[in-house]
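A short reminder: the numbers here are calculations on the coordinates, not readings from a lab. Treat the numbers as computed from the prediction; the structure is a model and nothing was measured. Backbone-built Cβ (ideal geometry, glycine too); neighbour counts: all protein chains shown.
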Amino acid sequence: MSDEAPSHPGRPGPEGAAAPATGGPASEDLMERVVGLCKRRGFIFQSAEIYGGFRSTYDYGPLGVNLLRNVKNAWWEAMVQRRTDVVGLDAAILSPPAVWQASGHLANFTDPLVDCRACHQRWRQDKIGGVCPNCGSTEFTEARAFNLMFKTHAGPLEDEGAVAYLRPETAQGMFVNFVNVLQTTRKKPPFGIAQVGKSFRNEITPQNFVFRTREFEQMEMEYFVPPAEAQHWFEYWLAERFNWYLGLGIPADKLRLRHHDPDELSHYSAGTADVEFLFPWGWDELEGIANRTDFDLKAHAAASGEKLDYFDPTTNERYTPYVIEPAAGATRTMMAFLLAAYDEDEVGGEPRTVLRIHPRLAPYQVAVLPLSKKDSLEPLSRRVLELLQPHLMVDYDVTQGIGKRYRRQDEIGTPWCVTIDFDSLEDGGVTVRDRDSTEQVRVPVDGLLDELRGRLDAR
Ligand code: ATP
């Protein structure tokens, strides 16, 4: 029990029990507190901050980079590693206009841009409900179609022949490599190609911290299926993707599936549903799951003159597969995990901030904390650190009192602290302390890795 005092004076003292969670701060405050935590503790920094910051671009700091990597790894594990029907890809970000001409993005990847006639601010018409968020006016210019793709030039000449685009989605990389993957892997439908990487959109109004930025990271998979099976696989992936978020700790009451109305569908889609999260400002999209039909493969086949289809030797039929696409945002999802995990409670009568993030996503799974800075504890502490480091992300902290150090780890979501004390030198045991319950148990150093792995696997 957490409030059971270790009877040994050489060990970390009791903290008192964690009071039951209060459900955290009200949603108006939640966003501010999470953004504050991200800056204070080094999850996310404003980009180019020393030059006043570059609007709506962000850099991921020492903790953020771990968390983001863990989100992407969890996705990769579920979508590629644990399956035999999905393979990975890492395609180029720079791409020629031909790709975006064929995919329809040059013509259709636009948002409706309006100017407020009163204050002259620019807005995305479909996001403001007819009222200027800045001044309240309802008078706007006619909407113009604004293309979201970033255009640049490859090579020293800035003429039309040198135009290139930064990809606005990773998906096209899978379509243009369809035949390469088919031939090199001998996969046959149903099979998928997955990719994680940066995408760029010149958003009219980037907003809500890293929810909508111009440079962001996506996790997308294109699942190629016989056309007659498309509906089945669409429903299959809706369930798979919804459960992925639940499994990583997003509470069920903060997650929902929303099917698009026919007039909302993208130019390529025969059906789309979004996984939505209850953000502090309301329900909003984490991931879109779409039935893209054979639109993309047919469009690229027509434009390139290459055959992008599949010959099924068992039926002697040649067909263009349909595609089911679960398309998630890594950076946006990371923010949802932070918002869902943020909590405030009391330990031993003192308030604390605690990030109840899933241990697999936590920036550090373990913190190794020598009880005192005394040299005598260092060799064993180093040994414990080196025992854990090949297997887990480990923080090492020797500064300040143990209570303060526990609080610092709670705030960044470290699920377990391992304290090395003076008794450890005698009995070879260390104290493992749990973030959520503050419970402490004594574990022999030899069994420590198994103990921690067991706890991780149990989640
Ligand atoms: P929206 O309608 O919000 O602009 P979308 O429906 O066009 O988004 P998709 O093209 O379906 O978005 O992209 C798939 C996922 O990529 C989104 O669910 C989101 O998680 C992520 N994403 C898209 N645009 C951005 C952005 N500007 N910043 C961060 N993540 C993004």
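Some points to look at:
- All-pairs Cα distance distribution in the range 356-458, expressed in whole percent, bin size 5 Å: 2, 13, 27, 28, 20, 7, 2, 0
- When Phe43, Phe279 are sorted by how many other C-beta atoms sit within 10 angstrom of their C-beta, beginning with the fewest, the order is Phe279, Phe43.
- The residue list Ala367, Gln409, Gly447 was ranked by how far each Cα lies along the charge dipole of the range 356-458 toward its positive end, using unit charges on Cβ atoms, and Gln409 comes out on top.
- Entry for the range 215-270 at q = 0.29, 0.30 Å⁻¹: log10 I(q)/I(0) = -1.21, -1.21, Debye formula applied to identical alpha-carbon scatterers, no solvent contribution.
- The chain: angle of helix 230-247 to the longest principal axis, Cα-based, in degrees nearest 10: 20 degrees
- Rounded to 5, percent antiparallel among DSSP beta bridges of the chain: 85 percent
- Rg and Dmax of the chain, based on Cα coordinates, read 25.6, 78 Å.
- Each peptide among 343-355, 360-372 gets the average number of other Cβ atoms lying within 10 Å of its residues, and from highest to lowest they stand as 360-372, 343-355.
- Axis angle, to the nearest 10 degrees, between helix 378-388 and the longest C-alpha principal axis of the chain: 30 degrees.
- Mean separation of Cα contacts under 8 Å (6+ apart) over length of the chain, as relative contact order %: 17 percent
- Basic side chains Lys and Arg get +1 at the Cβ, acidic Asp and Glu get -1 at the Cβ, and with that the dipole of the chain about its Cα centre reaches some 700 debye.
- Between helix 402-411 and the chain there is an angle of about 10 degrees, using the helix long axis and the longest principal axis of the Cα atoms.
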